[in-house]
1. Going by amide H atoms built from the backbone, whose H comes under 5 Å of the H on A:His89, apart from near neighbours?
2. Assuming a ≥ b ≥ c are the square roots of the Cα gyration tensor eigenvalues, decide whether region C:16-219 counts as rounded (a/c under 1.5), prolate (otherwise, with a/b larger than b/c) or oblate.
3. Obtain the nm distance between the two label points defined at B:Gln223 and B:Asp64 by a simple spin-label model: each point lies 7 Å from its Cα along the Cα-to-C-beta direction.
4. For helix A:118-131, what angle does its Cα long axis make with the longest principal axis of chain A, in degrees from 0 to 90 and rounded to 10?
5. Between A:Lys297 and C:Tyr94, what is the spin-label point distance in nm, taking each point 7 Å from the Cα along the Cα→C-beta axis?
6. If each of B:Arg174 and A:Asp75 carries a label point 7 Å out from its Cα toward its Cβ, how far apart are those two points in nm?
7. Around B:Gly180, with a cut-off of 9 angstrom between Cβ atoms, what is the net charge of the other residues, counting Lys and Arg +1 and Asp and Glu -1?
8. Give the distance, in whole Å, between the Cα centre of region B:130-173 and the Cα centre of region A:84-149.
Amino acid sequence: MKSMHIRAGAAAMTGALLLGACGGGPGASGGDFTGGKLVLAVLNDQSGVYKDASGPGSVKAVKMAVADYKKKYGDAAVVDDIEVTSADHQNKPDIANTKAQELYERKGADIILDVPTSSAALAVATQAKNHHKLFIDVSAATTQLTGARCNKYTFQWAYDTYMLANGTGTTVTENGDKNWQLIYPDYEFGQDMTKSFTKAIKGAGGTVQGAIPTPFPNDNFATFLTKAGSTKPDVIGTMQAGGDLINMVKQFNASGLKEKGIDLAVGLMLITDIHSLGVDQFAGTMFTDPWYWNMDKETRAWADRFQHETGTRPSFEHAGNYSAALQYLEAVQRAKTDKADAVVGELAGKKTNDVFLHNGEIRAKDHLVIHDTYLARVKKPSQVKEDWDYEDIVTTIPAAKAFPTAEESGCSM
Amino acid sequence: MLEVTGLRAWYGEAQALHGVNLSVGEGEVVTLVGRNGAGKTTLVRCLIGLHRQVGGTVSFLGRDITGMPAHRRARAGMGWVQDDRGIYAGLTVEENLLLPPKVSDRAWTLDRVYEAFPVLADRRKAPGTTLSGGEQQMLAIARVLRTGARLLLMDEPSEGLAPVVVARIGAIIREIKETGVSVLLIEQNVKFAATVADRHYLLSQGRIVEALDNSEFRRREVQLLEHLGI
Amino acid sequence: MNAVLQYAVQGLAAGSFYALAALGLAIIFGVLGVVNFAHGAFYMLGAVTAAVLLDTLGLTLWWSLLAVPVLMFVFGVVVERLFVQWLLRLDPLYNFLLTFGLTLVLVELVKQKYGVSGLPYKPPGILQGRAELAGVVLPRYQLFVFLFSVAICVLVWLLMTRTRVGMIVRASTEKPELTRALGVNVGRWVTPVFGFGVALAGLAGVLAAPFRAITADMGNNFAIILFAVVVIGGLGSIVGAVVAGFLVGLVEAFGQAYAPTFAQILIFVLMALIILVRPAGLFGREEATR
């Protein structure tokens, strides 16, 4: 009996080994893939505050990229079996950390995409470094990912706090709003943004009269606004995001500061914020946007596809995830393997264009993806022609000016 | 009027009453004496329907009310004068009087209450608990009289009051009796009990150990006081 | 001076939301003995309902101030009949857990149906912009919120002091057992009182709709401060709930103005101090325990 067991076990193991050997993707292209397949994992917020802006929509976008890759290469594709998986990190760094481990080790993920919330993204970056697997950040904004805490396997695809602050701070100051008051949530993102804003405003010849920290989360900004308005600034810059931003804008509109001629500039605005609060409440607000769905024919065509799949227009995170997944698949195609070092080699230094990246470059030195970004203004309700048609693109900020230089990043891998 | 047969009561596993039998007739004043912990308060709570873990039967005006909820017992004519008087601090004197619903055509009018208790009329707009202890006791009694209750369950009405006030309460109880209302009086003050009651029950360790008429009760006063530990 | 007055109005406006909601919480606790943990979720539902009514039926704020409390009352009655009543005889902890669970369910349902980014809401034009009062410039909407909720608090106070229902609510808050033993059918009032408390939370939500982000999570943080309000005012004290509501609003506003990072902590410091000095809260009566 016992020997039977042993023999059966041995046979099973041999079978598994054989299967493993055969399952290395389409033999024709000579592929080299662990487990015989390529696994793309989207790790983001599936239920909390960032669910609408990225969440399930980003998973959909990655699946669209996979479909496009397969359509483009057909039989010539180096890998047939491509799996897209997802996990919910609830915006908590500890959960992100465990989930990333699980995805890399047990789900066989070759790459993790998206990861909103800076602290969660930093945790995933560390896991990527330890596991020698890729991580492309799309939704987290901290400059540390490609700065002080950069690593070989981590890429920052869409934006960072420098880009947001620099675009808005510089342009608004140059347009005549010289005197600023800043209001920021007292945690990493808010502090980071405030530093970057201050630098940009001063660089453009403006002054920051004050910077007021607020609790996070917070639903009552009335007094903070009165206080900020008391120095009679030209513009109040708010670094609040998500629900807090909506509270802030509603209370700014009710505060009467607008009537006194004080403008509101927003550090990070997502199109879902405008959609949820209503375009009239935001009308005229300036902010920097990495991408907008209705910029040109190509983006619009892609947005139509996305809407067909999901029922809503895409945010820049959705498009960013599509682009990141697509460029990753292209790199895999060129490398003919899912081995991280080879794929990183194909990605780094690549100059490319797609529906999201305009004049894009995956900078080799710090893995920050630089591309053209846009200063946007929220339309007046009378200008809105269709649902989700909320933004006017005021200026294009060329890739080289939009992001910090490789020297400024301070990354050494 | 009130007939209690084999009443048992528990607090969880612990039995507090072990088959109490007692009765109160129409227009009768009956006292229940017993030392602390004898089960007096439990008995009252069983009778008014606030303690529901019971066995045996309680019948009132010929109806079995053993399972009846408290507010319906009150509506059937049972009036409770709580041992701490139960005056609402958040209600005025008049609101304290008006809170319980009328339950029979014997109900006193507000005018009659104020005539009988002039002090309540003077303080009608004041919060209930601003009255003195004796006044609060009168308010508590007046409150159940206004409903037209047929039986008053009075828990230690003389407790903590000056002798003059106790005498006044005694007078009120006798007046009540005159109108045909029955009273079950829970008392430790044996002297006071003897001045108002017709019959007496002695409760000890959850059982009625003796039933005495008033003359016997007076004769054995010293022995009873000893039993009560006073 | 001008700034101080502005802070005060802002504080009173923020306090209005707390006062109305805490009033409902206090009345429910008084009559049912239930600490309704779902009050924050009912506040959220009030705001969401107002936004949905505006979006689908075009009902403006004025109509919502009327319609939403009625709808929330009905909702409260349903919740009480379906769930709360069965646990009233048990330890109050059971209803605390029930309402906590209810919060999670309601928040998740709203997320499923309306997403997480929130819903738009446009206040009537007359309430936008600023008003000048004796040389002081004040935001109109906040002034309106304050005046409106003071009016509601006065109405509720009249209801409590001038009607038989109010008398019964006060009586059973203070001495639940005696009130029943005196022949008052307290049970008859339990359901409408729960509905009324829920309606007040919903009303606070409607008032918040034009002024705060309408999201499934809007009640979470609110509920935490609300419990601080109730503890400060004295659990079950109706006057205490209102006074503490406005007080906490003021502390929040002046805290934001002069010690921004500590604004929220200040409320809990205040709460701790009051518990130290008066364990039953500002207006609580220690004997009014159950």
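Read-outs: derived from the displayed coordinates by stated rules, not from any lab. Here the structure is a predicted model, which is why all the values come from computation and not from measurement. Neighbour counts are summed over all protein chains in view; Cβ atoms, including those assigned to glycine, are modelled from backbone coordinates with ideal geometry.
1. Placed amide hydrogens put A:Asn44, A:Asp45, A:Gln46 under 5 Å from A:His89.
2. Working: a/c = 2.46, a/b = 1.42, b/c = 1.73.
In terms of gyration-tensor shape, oblate.
3. Distance between label points: 3.8 nm.
4. 20 degrees
5. According to this spin-label approximation, the distance is 7.0 nm.
6. The two pseudo-label positions are separated by 12.1 nm.
7. Working: positive: B:Arg106, B:Arg150, B:Lys177; negative: B:Glu26, B:Glu178.
Once positives and negatives cancel, what remains is +1.
8. 76 Å
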